[in-house]
Structure formats: structure tokens, C-alpha cells
């Protein structure tokens, strides 16, 4: 028997070759760790986005509340101004403004009611129906 030659020294911590199975397991493990890290990042970003949208929703609700409050105050001001200018009781002017607003609300609600059943995405539904019909048709010999 001849003398045994030691294996060449590799970098510190180098592992001997593991074969195809070991490399595939290492690849799958690395991929799983990558997907787990992406999931953790997506979870953190979704929490941040939810907090941001919650703050924005609260601010939008506050803006709508104060805008409605300001609108009511402006209507009362207009009623008192018109009562002063035209020498009419302010209560009748407020009644006229209320009737006007109810009329506008009725017109808007009627518009929504008439257009509520308007079919959406008619072209897309037609294309899908043609595709389903073509898939269901028997091939021509």
C-alpha cells in the first residue's frame, strides 16, 4: 500500500460534497427560508398599511363631519341673511331650503334607481360567454 495523501485543505468551514440529494435539500431549505422572509415582510408591511389606512379613514370621517357641520351653519347664515334682506321669517326660509335639499336628494336617488340595473362589463361578459361556447362546442372533423 502506498502512502495516503491528505485531502487538500479547503476554506475554513468547508463541507465535503453532499451529492445531488443534499444539494436539492439545501436548495429547498434556502427557498423555504426565502419564502418565510417574504411572508414576514409582507405581514409587517400589511400591518403598516392597515394602520395608515385606519388613520386616513378616521381623518376622512372627521373631514366629512366638519364639512357637514359647516354646511349646516352656512345654510342657517343664508337663511338669516335672506330673512334680513327680504323681511321674511327665517323659519320659512329654512323650510324652503329643506324642501330644496329634499328635492335634490329625490332626484339623485331616482337617478341611482334608474341606473342601478345597468349591466357592467358587458363586453367582458360577452367575450367570456363566447369562450365558454367555443370550449363547449364539439370539434369539427
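The values are calculated or read from the model by the stated rules, or taken from the named source; none is laboratory data. Fair warning: this is a prediction, and the values are worked out from it, not measured in the lab. Reconstructed Cβ throughout: ideal geometry from the backbone, glycine too, with neighbour counts over all protein chains shown.
Only one of 117, 55, 47, 113 is out of contact with any helix residue (DSSP H, G or I) (no Cβ under 8 Å at 6 or more places or on another chain) and part of a loop (DSSP other than H, G, I, E, B); which? It would help to see each step written out before you state the result.
Details: 55 fails: part of a loop (DSSP other than H, G, I, E, B); 47 fails: part of a loop (DSSP other than H, G, I, E, B); 113 fails: part of a loop (DSSP other than H, G, I, E, B).
Result of the check over 117, 55, 47, 113: 117.
You will find that of 78, 85, the residue that is loosely packed, with under 10 Cβ neighbours inside 10 Å, on the phi < 0 side of the Ramachandran plot and assigned to a helix (DSSP H, G or I) is 85 and no other. Kindly establish whether residue 94 is within 36 Å of the chain's Cα centre (by Cα), surrounded by 10 or more Cβ atoms within 10 Å (Cβ to Cβ) and in a helix (DSSP H, G or I). Judged against the criteria, residue 94 is not a match. All conditions but one from (1) surrounded by 10 or more Cβ atoms within 10 Å (Cβ to Cβ); (2) modelled with pLDDT under 95 apply to residue 115; the one that does not is (1). Among the candidates 61, 49, the residue that is more than 17 Å from the chain's Cα centre (by Cα) and free of Cβ contacts under 8 Å to residues at least 60 places away in the same chain is uniquely 61.
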